[in-house]
Amino acid sequence: MSLTATQENIRPPKPRPSLVVPIGLVAFLAISWVATSEQFGIGLDPGKILEDIANGVGILGDLLRPNWAFLPKTVEPMLETFRMAVLASAIGCSIALPVAFLASRVTAPNLLTYVADRSVLSVVRAIPDFLYALIFVSAVGIGPLPGIAALILFNIGVVAKLQSETVDGIDVGPIEASRAAGGNRLQTVRWAVLPQVLPNYVAYSLYTFELNIRASTVLGIVGAGGIGRILLREYKFFNFSNVSVIVVELFVFVFVIELISITLRRRLV
Amino acid sequence: MIRFENASITYPGGVQALKNLTLEIPDGQLMIIVGLSGAGKSTLIRAINGLVPPTQGDVIVDGVSVRKASTKQLRQLRSRIGMIFQTFNLVKRTTVLNNVLMGRLHNTGTFRSLVGWYKPKDVEIAMRALERVGIVEKAYVRASNLSGGQAQRVGIARALAQDPGIILADEPVASLDPPTGHLVMRDLQRINRELGITTVVNLHFLDLAKVYGERIVGLRAGELVYDGTGAEANEDVFRDIYGRSLTADDVLGEATAPAAVAL
C-alpha cells in the first residue's frame, strides 16, 4: 500500500543551496581586512608585536616568580571581593529568575510584558559593568557598595537573558498538563517549568559569580572596592611579582567555583 | 453531563477542526472517539476543558459554558476534569509524587504551592491515587526513570488526584507497546466503573475501541459520522469513519485483552 495514494510519487528537484553562508563568510573576511588596514581601521601590524615582545619578557619573568610574602596583604581585599561577589550574585540572580520568566514567550502572561521586559534587558546588558560602577561611585562614593550595585545590574542582565532563552526551549507538555489540572500561572511556572530549567539556572548563577570575582578587578580601578584596588596599585609600581600572587589567587577562585558548578549540576540534572 | 451545542472550532490559521458538532455525553459513560489523524479528535477533547474553546456554538460541562467562562471559572471547571496525554506530559526532572501533586494545585493556595508546602491531606490523596494505579512504590523516584507504561500510570494518577468527575484521555496508548496499551485501557475502564467517572478517550486502534468502548463516536474531517455502541461497530462502520479500507495498522493487536474481539 502506498502511503501517499493521493499524491504523485515524484522526487522533487534538489533545492538550490543557500547563499547566506558563503556571502556571510566573504563579508566577514572583507570587514576584517578593512578593520585591520592602516587607512580605515586599527592598523594591525603583526611585525610590531614581535618587535615589542622583548619588552614583555622582563614582566613575564616577574609574573612567573610570585612574591608569596605579599600574600597576607591580599587576604582582606580578596575577602572583600568575595563578599561583594556573593552578595551581588545572590541578589542579582534572585531578581533575574522572575525577570527571565517574564522575558520568555513560553511563560510571559502577554506579548506586551514580553516585549517590554526584553527591551529593558537589552538596555541593561548594553551598559558595561565598568560604566555602572562609575555612575554608582559618583552617586554614593568610593567603597564596596557601588561595586555591588554595579554587579547586581550586570548579573540581572546576563542571567535573565540566558535563563529566558532556556525557558523558551523547554518541553511544553507539562505546562498543558498543569493548566488542564486547574493550576494558575504561578503554580504552572513553579511546578511545570522551574524543575526543567533549575540545573541551567544554578549553572548560570555560578558562572556570574565567577564573572563577578573577575569583574571586581576592573571595578577596583574606579574605586568600587575589592582586590582591584590593590591590583591596580601594584601594577602602577611595576611590582609584577605581587600582581602575580593576585592572578594566582583569582585563578584558584575561578577553578574552585568551576568544580562546585560541575558537582551541583550533576546532582540536579 | 457534557453537551456540545452546534460547536465549531476554527484555529487562527483558518483550519476548521470541528464542524457544527452536537453531542451529549451522560455522566458515568466511557465514550471512545475514533477517526484518522486530523479528524478533530484532540480538538474535541480539548474543547471540553477549554484548552481549545469553541469559536462558534458552545460546550456545556456540568452546566458551565466553556465559551463564556471567565479565567477563574475555567480553572474551577478544569480542576474537576482530569486529563491524560499521549506523551504523558510528566515533568521528568522531579519526583513521581510531585507530578501527581500537580493534580492538587487547584486546592492549594499560590503561596503554599510556590514553596511546595502541600497539605498532608493532599499528599494523602496523591498517594491513594498512586496506589489505585499500582505504582505507589515509585512515589519518590524521578519521573525520568520510569518506563512508558509506568509513566502513563503516573499520568492517570495525576488525573485521579484531582478527584475529577470527568477524565479526558488523548491517545493514551499510542506511545505504548500492545500489552501495556491494554493494561492502561483496563485501568481506565476500571476507574470508570468503580468511581463512576465520565471518561472520554481518543483512540485510533479500532480493536481497542471496540473492546473498551461502551459508546463509540466517529469523526471525519471535524464532523460526527458515527455514534453507537462498541458492539454495533463493525468493519463497515469503521471503513465509513476512515473513508478507506482498513489495514493492519488500524489495530493494536496482541489479544491479551480479556475479551479481545477480531474485527
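FYI, it's all coordinate maths here, none of it is from the lab. Everything numeric here is computed off the predicted structure, so don't read it as measured data. A quick note on method: Cβ atoms are made from the backbone with ideal geometry, for glycine too, and the neighbour counts reach across all protein chains shown.
Summary of values
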read-out	value
Max mean-square fluctuation residue, GNM over chain A, Cα-Cα springs under 10 Å, options A:I156, A:I91, A:I175	A:I175
For A:D52, B:D27, A:D171, A:D129, order by how many other beta-carbon atoms lie within 10 Å, fewest first	A:D52, B:D27, A:D171, A:D129
Sorted largest first, extent of the range A:41-159 alpha carbons per principal axis (Å)	60, 43, 29
Rounded to the nearest 20 debye, dipole of the range A:68-268 from Cβ charges on Lys, Arg, Asp, Glu	120 debye
The range B:78-196 - percent relative contact order, Cα under 8 Å, separation 6 or more	42 percent
Mean projected area in nm² (Cα convex hull; one quarter of hull surface) for the range B:79-199	6.7 nm²
Chain B: relative contact order in percent, alpha carbon pairs under 8 Å with at least 6 residues between	25 percent
Separation of alpha-carbon centers, the range A:152-222 and the range B:16-48, rounded to whole Å	39 Å
Dipole in debye (nearest 20) - the protein assembly as shown, about Cα centre, beta carbon charges: Lys, Arg +1; Asp, Glu -1	1060 debye
Dipole-positive endmost among A:L219, A:G141, A:G182 within chain A (Cβ charges, Cα centre)	A:G182
Distance between modelled label sites at A:R214 and A:T36, nm, 7 Å Cα→Cβ extension	2.4 nm
Rel. contact order, % - alpha carbon contacts under 8 angstrom, at least six apart, chain A	24 percent
Shape parameters for the protein assembly as shown, alpha-carbon atoms, Rg then Dmax in Å	31.4, 97
Neighbour-count order for B:V136, A:V57, fewest beta carbons within 10 angstrom listed first	A:V57, B:V136
Kyte-Doolittle at least 0.5, axis length at least 18 Å by Cα - qualifying DSSP helices, chain A	A:20-36, A:46-63, A:71-102, A:111-126, A:144-168, A:194-221, A:240-268
Ranking of A:L87, B:L168, B:L188 by count of other Cβ atoms within 10 Å, fewest first	A:L87, B:L188, B:L168
Cα gyration tensor shape for chain B, rounded if a/c is under 1.5, else prolate or oblate	oblate
q = 0.11, 0.12, 0.13, 0.16 Å⁻¹, chain A: log10 I(q)/I(0) [Debye, one scatterer per Cα]	-0.88, -0.98, -1.06, -1.20
Radius of gyration and maximum dimension Dmax of the range A:187-269, Cα, Å	17.5, 58
Check: chain B dipole with +1 on Lys, Arg Cβ and -1 on Asp, Glu Cβ, in debye	1320 debye
Computed helical MRE - 222 nm, chain B, DSSP H runs ≥ 4 contributing -39500 (n - 2.57), nearest 500	-9500 deg cm²/dmol
